[in-house]
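The values are calculated or read from the model by the stated rules, or taken from the named source; none is laboratory data. Predicted model only: the values in this text are computed from it and were never measured. Positions of Cβ are generated from backbone atoms using ideal geometry, with glycine treated the same way; all protein chains shown enter the neighbour counts.
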Amino acid sequence: MFNMHPMRRRSFIGKAAIGLATLTGVVAAISYLRQFFPRLAGEKKRIVLDDPRRFPVDTYTFLEEHNLYVYRDHEGIKAVSAICTHLGCVLEKTIDGFECPCHGSCFNNDGEVLSGPAPRDLAWYSVSRGADGRIVINPGKSVQSDEKFLTF
Amino acid sequence: MESNDLPSGIIKRNFFLHIHANRVHVHSMKPTYTFGLGIILGFLFLIMIFTGVILMIYYTPSVDMAYQSVKDIVNVVPGGRIIRNMHRWASQGMVIVVFLHLLRVFYTGSYLGKRSLNWVIGVVLLIITLLSNFSGYLLPWDQLAYWAVTIGSNIAASARELTDLLGITNAFDPGGFLKKLLIGGESVGQAALSRFFTLHVIFLPLSMLILLGIHFWRIRKDGGLSRPLKYANDKGSTNKWYAWPVLMWTELGLFVLVVLVVLFVALLADAPLLEQANPSFAENPAKSPWYFLGIQELVSYSAFAGGLLIPVLYLVFLFSIPYRDREDGYVGEWFSGKRGLKVVWRSAVFAFLLVVMQLFVIIRFGWLRDWIPGISQWFVMLINPATITGGIFILLAEVIRRKSKSTRLGALALFTSTFVALLIFTALGIWFRGPNWEFFWSLKQWPVI
């Protein structure tokens, strides 16, 4: 009955040791390498606009700490990312659009690429009324450029 | 192997003779053969380590304190300004000399024969030199640092340009993976600073030290510096000089000279330090360190093609040279003789004309997107001066290789043309690009912003 398994005790222990060492190595390597990739929680926090009326009408206002432009007209309000889709520089507002200081990509007022190396149009963010009645911008949710939050 | 026929006691007691053989070939001592570039790099590396350790004592790698601590180094620490200047200028010196060293080794065919492994190690050392420089660039946490690294990290993410076009970014995002590995988040912040600091003071210098050891050791294993075939059979003491003390004094003199030059430049010119980093206001123009401005010029056509595709192809080319070209007869001869020299200068002129012509078009008339608004990103990415130049060079080198039936001539053509193109793109980025990356003939024409 003992001869049913051709593997001897010594070779079994040897193989088990190699297997265990490999397993340890793999697990250790994975856990080690995992350290280089932190979870990115809360990177895209909602932005609360206390009083939308403080933004001038028919104007793109730059929100410095959030790197986005808020546009307000008589009907409502919308928000567009001020980060160039090319290499992440902060866009400057020109008369009829946006321009990137780093590599000269140009976007129109709707955030569409006009010239330069930018691969995508600018992202427009969802604006809505939060549960507490305040108006919030949600950078985690993109919308069409003509979608406005009607406030007035 | 070069001969080791000194009494063994001298070798055992002498560290210097552990690096060099007892006798070195007279050809290796010719200043116009090596220009001492490799050993100068070694000396510059020593200066980097020496000054870097002092800087590390006073520097604080934290977003809140980094900038102030660098200001303290410049203004408060006794002699700190000189140490920082030396560190900065020696690092720039390393970049220049490492490329000159690459040119020297390539054009003298010193990668041929059994030296192929050492060439590969050399290219890795070149990459580490550039990475060390780039990681050090972020540490002062000023405007220049912040925006250069923001751009750099997004170049790492530029594979997204391709995956976006294929519509698979959500499932497969190597660009985002690389960016996260580099800066530990979506944008440059404390995580990025910590990572760059660790890379800069531990990982990269240590890797460089180890590889430098192997690099030097391989020279001895490969029989000393490369030399022409006519000397190949010099054995024993034929045509050899004693390394000790002739070579030692030469190298010591060179060391003093290198330190002197770095010290002199450090006394004359201050390393730049701009305002503290401001994440909501980009410098205009936001330029990388000068040696990356060639890539930044390419990136201004397409992030993926210019920042990833072409540079990776270039590195693949550099690594592959000794494995595609095995014409060992050309070893140790500048430009492989008259035929090679002709290929070199013809490729240089051709590359110059080809690149300048395209730059004329793109600067004067714009490119695809200016001509056909709304053109697909595929065309923007795949048809631009970066990809056209690269494609034509590869084609040209292949034609030369087939016609001449010489891999060495093909390698000479591709190496020369790509290097000339790199020089032109870099010069354009340094001197002729201004605010919004527009073309200006001189700095004086820049608009006041």
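Being more than 14 Å from chain A (Cβ to nearest Cβ), at negative phi and either of a type in the set (Gly, Ala, Ser) or under 25 Å from the mean Cα position of the chain (by Cα) (or both) is the requirement here; does B:Ser336 meet it? Step through it out loud before you land on a result.
Working: more than 14 Å from chain A (Cβ to nearest Cβ): yes; at negative phi: no; either of a type in the set (Gly, Ala, Ser) or under 25 Å from the mean Cα position of the chain (by Cα) (or both): yes.
So B:Ser336 fails the test.
Within the stretch B:1-79, which helices (runs of 4 or more DSSP H) (wholly inside it) include 2 or more residues that are surrounded by 18 or more Cβ atoms within 10 Å (Cβ to Cβ) and at pLDDT 85 or above?
On the way: elements: B:8-13, B:16-19, B:31-34, B:37-58, B:66-75.
Fully inside the stretch B:1-79 and qualifying: B:31-34, B:37-58, B:66-75.
Could you say whether any residue in the stretch B:281-295 is away from chain A (no Cβ under 14 Å) and surrounded by fewer than 17 Cβ atoms within 10 Å (Cβ to Cβ)?
Yes, some residue in the stretch B:281-295 is away from chain A (no Cβ under 14 Å) and surrounded by fewer than 17 Cβ atoms within 10 Å (Cβ to Cβ).
Restricting to the stretch A:83-111, give me the number of residues that are touching a Gly at 6+ places or on another chain (Cβ under 8 Å), outside any strand (DSSP E or B) and under 19 Å from B:Val448 (Cα atoms).
Residues in the stretch A:83-111 being touching a Gly at 6+ places or on another chain (Cβ under 8 Å), outside any strand (DSSP E or B) and under 19 Å from B:Val448 (Cα atoms): 3 in total.
Hey, among the residues in the stretch A:85-99 that are touching a residue at least 12 places away in the same chain (Cβ under 8 Å), under 22 Å from B:Val188 (Cβ atoms) and more than 7 Å from every other protein chain (Cβ to nearest Cβ), which one's surrounded by the most Cβ atoms within 10 Å (Cβ to Cβ)?
A:Leu91
Considering every residue within the stretch A:15-30, establish whether at least one is within 30 Å of the chain's Cα centre (by Cα) and free of Cβ contacts under 8 Å to residues at least 24 places away in the same chain. Give the derivation first.
Let us first name the residues in the stretch A:15-30 that are within 30 Å of the chain's Cα centre (by Cα), namely A:29-30.
Filter once more, keeping what is free of Cβ contacts under 8 Å to residues at least 24 places away in the same chain: A:29-30.
Yes, there is a match, as at least one residue in the stretch A:15-30 is within 30 Å of the chain's Cα centre (by Cα) and free of Cβ contacts under 8 Å to residues at least 24 places away in the same chain.
Could you tell me whether the stretch B:154-162 includes any residue that is in contact (Cβ under 8 Å) with a residue 24 or more places away in the chain and not in a helix (DSSP H, G or I)?
yes
Just a yes or no: is a residue in the stretch A:61-71 within 20 Å of the chain's Cα centre (by Cα), among the polar types (S, T, N, Q), more than 11 Å from chain B (Cβ to nearest Cβ) and closer than 25 Å to B:Lys179 by Cα?
If we filter the stretch A:61-71 for residues that are within 20 Å of the chain's Cα centre (by Cα), which is where we start, we get A:62-70.
Cutting the leftovers down to among the polar types (S, T, N, Q) gives us A:67.
Still in the list and also more than 11 Å from chain B (Cβ to nearest Cβ): none.
Checked the stretch A:61-71: no residue is within 20 Å of the chain's Cα centre (by Cα), among the polar types (S, T, N, Q), more than 11 Å from chain B (Cβ to nearest Cβ) and closer than 25 Å to B:Lys179 by Cα.
Can you tell me which of B:Ala271, B:Ala266, B:Ala351, B:Ala277 is crowded, with 16+ Cβ neighbours inside 10 Å and within 14 Å of chain A (Cβ to nearest Cβ)? Please lay out each step first, then the result.
Numbers: B:Ala271 fails: within 14 Å of chain A (Cβ to nearest Cβ); B:Ala266 fails: within 14 Å of chain A (Cβ to nearest Cβ); B:Ala351 fails: within 14 Å of chain A (Cβ to nearest Cβ).
It is B:Ala277.
Report every pair of residues separated by at least 6 positions or lying on different chains whose Cβ atoms are under 9 Å apart, first residue within the stretch B:101-115 and surrounded by 19 or more Cβ atoms within 10 Å (Cβ to Cβ), second outside any helix (DSSP H, G or I) and aromatic (Phe, Trp, Tyr).
Between residues of the stretch B:101-115 that are surrounded by 19 or more Cβ atoms within 10 Å (Cβ to Cβ) and residues that are outside any helix (DSSP H, G or I) and aromatic (Phe, Trp, Tyr), the close pairs are B:His101/B:Phe35; B:Val105/B:Tyr111.
Pick from B:Leu193, B:Leu204, B:Leu211: which is over 23 Å from B:Ile82 (Cβ atoms), modelled with pLDDT of 90 or more and in contact with a Pro (Cβ under 9 Å, 6 or more places away or on another chain)?
Unique residue meeting the criteria: B:Leu193.
Looking at this structure, is B:Glu186 of a type in the set (D, E, K, R), within 14 Å of chain A (Cβ to nearest Cβ) and either closer than 30 Å to B:Phe45 by Cα or not in a helix (DSSP H, G or I) (or both)? Steps first, answer last, please.
Details: of a type in the set (D, E, K, R): yes; within 14 Å of chain A (Cβ to nearest Cβ): yes; either closer than 30 Å to B:Phe45 by Cα or not in a helix (DSSP H, G or I) (or both): yes.
When the stated conditions are applied, B:Glu186 passes them.
Quick grid of which residues meet (1) under 14 Å from B:Ser28 (Cα atoms); (2) modelled with pLDDT of 90 or more; (3) outside any loop (DSSP other than H, G, I, E, B):
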| residue | (1), (2), (3) |
| --- | --- |
| B:Thr238 | yes, no, no |
| B:Pro245 | no, no, yes |
| B:Gly253 | no, yes, yes |
| B:Ala266 | no, yes, yes |
| B:Asp270 | no, yes, no |
| B:Leu274 | no, no, no |
| B:Asn284 | no, no, no |
| B:Ser288 | no, no, no |
